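See structure below.
The values are calculated or read from the model by the stated rules, or taken from the named source; none is laboratory data. All values reported here derive from a predicted model rather than from experimental measurement. Neighbour counts are summed over all protein chains in view; Cβ atoms, including those assigned to glycine, are modelled from backbone coordinates with ideal geometry. Heads up: the accessible areas ignore ligands, DNA and RNA and are worked out on the full protein's heavy atoms, side chains in. Shrake-Rupley method; radii C 1.70, N 1.55, O 1.52, S 1.80 Å.
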Amino acid sequence: MALERTLSIVKPDGVQKNLIGEVCRRFESAGLSIVAARMRHLTLAEAEGFYAVHKARPFYNDLCKYMTSGPVFVQVLEGEGAVARNREIMGATDPKKADTGTIRADLAASIEENVVHGSDSAENAAQEIAYFFSVTELYPRTR
Ligand code: ADP
Ligand code: MG
């Protein structure tokens, strides 16, 4: 497996419920390193740009509104197979379908308000990281 980076977001519901620390603890316990992090309150234009791939989906407008409903905690995770590892730790999109022990199964309220975002491929991870961070803001330590 290769050393990878991926973008993670604690969504507005997760921040509101004081879950930033719990989410970060799960990543770090699983061997992923946080190499960049910041809080942001996204504008509607920023949320729409971030989720542009979902533009045609029926939930797009609600999703963008929800993502701007409060601050989010955006971070870059680094580790072996970080993209897939993060998705495993997050669990399935719908918390009802997510495996026990995953963030979404344990902590999420609904398919929309599901606490975390995670990049779904190495290509998208690179794009999503660049959407929020410049290379000089990343502090790799696993080398
Ligand atoms: P994931 O976040 O697991 O990669 P998607 O990329 O398919 O899931 O969807 C992006 C986000 O859109 C989801 O995390 C969730 O917040 C929202 N979403 C997805 N499907 C639905 C749906 N059927 N109804 C409402 N919101 C949805
Ligand atoms: Mg996705």
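The table that follows gives values for the structure above.
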{"read-out": "Complete set of residues in the stretch 88-143 that are within 15 Å of ligand 2 (Cβ to nearest atom), farther than 19 Å from PHE50 by Cβ and in contact with a Ser or Thr (Cβ under 6 Å, 6 or more places away or on another chain)", "value": "GLY91"}
{"read-out": "Residue within the stretch 58-67 that is out of contact with any Asp or Glu (no Cβ under 9 Å at 6 or more places or on another chain) and open to solvent by less than 50 Å² (accessible area, probe 1.4 Å) present", "value": "no"}
{"read-out": "Qualifying residue in the stretch 9-21 (condition: within 14 Å of ligand 2 (Cβ to nearest atom), at pLDDT 95 or above and assigned to a strand (DSSP E or B))", "value": "yes"}
{"read-out": "Residue match in the stretch 70-78 (condition: away from ligand 1 (no atom under 16 Å from the Cβ), touching a residue at least 24 places away in the same chain (Cβ under 8 Å) and farther than 22 Å from THR102 by Cβ)", "value": "yes"}
{"read-out": "Qualifying residues in the stretch 48-57 (those that are open to solvent by 40 Å² or more (accessible area, probe 1.4 Å) and more than 11 Å from ligand 1 (Cβ to nearest atom)) - the one farthest from the chain's Cα centre (by Cα)", "value": "ALA56"}
{"read-out": "Filter result (assigned to a helix (DSSP H, G or I) and either in contact with a Gly (Cβ under 9 Å, 6 or more places away or on another chain) or of a type in the set (Ser, Thr, Tyr) (or both)) within the stretch 59-79", "value": "TYR60, TYR66"}
{"read-out": "Residue within the stretch 80-87 that is within 14 Å of the chain's Cα centre (by Cα), within 16 Å of ligand 2 (Cβ to nearest atom) and in a strand (DSSP E or B) present", "value": "no"}
